[in-house]
């Protein structure tokens with residue numbers, strides 16, 4: 001098996017394309033998955049996708065990634081700003097994690113300016129829409145190869 005990456009998407013990202021298109025655009029999560037899988041194939045990485053609206057399930061996915069994947073791309077969505085549990089799961093996993101946000105969180109409400117993920121992430125990409133996942137994949141590929 002080649003190198004593999006788990007792409008985890010948090011709450012409400014299943015509504016992409018319908019939810020607040022003025023912020024998130026018309027791209028769906030299915031579109032992002034196809035884009036990311038295609039790019040992964042081009043750079044020799046296997047991609048697994050996961051989405052949940054539940055904080056505990058996201059923690060389980062991060063914990064389960066250790067030993068199965070070589071890195072994680074994580075858009076924890078609103079849990080970015082609230083979840084010590086996700087922070088701790090990332091830290092415990094020992095995996096490199098790239099934090100991704102579709103929008104530029106720093107141009108939005110002040111509560112979105114703080115991340116519990118960033119201190120334990122290898123890097124953060126925000127504000128580039130769906131392309132952020134491709135950028136994160138390239139960054140993670142450099143880290144794990």
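Largest mean-square fluctuation among 55, 42, 33, in a Gaussian network model of the chain whose springs join Cα atoms under 10 Å apart, belongs to 42. For residue 43 and residue 88, what does the FRET efficiency come to when R0 = 35 Å and r is the distance between their Cβ atoms, rounded to the nearest 0.05? Efficiency for this residue pair is about 0.70.
Compared with the alpha-carbon gap, the fully stretched path from residue 128 to residue 110 is longer by 4.6 nm at 0.36 nm per residue. One Cα centroid belongs to region 105-145, the other to region 16-32; the line between them spans 18 Å. Across the chain, the relative contact order, built from alpha-carbon pairs under 8 Å that are at least six residues apart, equals 27 percent. Once you sort the root eigenvalues of the Cα gyration tensor of region 68-145 as a ≥ b ≥ c, which label holds: rounded (a/c under 1.5), prolate (a/b larger than b/c) or oblate (the other case)? Since a/c reaches 1.5 but b/c is at least a/b, the shape of region 68-145 is classed as oblate. Only one of (1) 32; (2) 25; (3) 15 was calculated from the structure for percent of Cα pairs over 26 Å apart, and its label is (3).
We did not get these values from a lab; they are worked out from the coordinates using the rules stated. Since this is a predicted model, take the numbers as computed values, not measurements. All Cβ positions, even for glycine, are placed from backbone atoms using ideal geometry, and neighbour counts span all protein chains on display.
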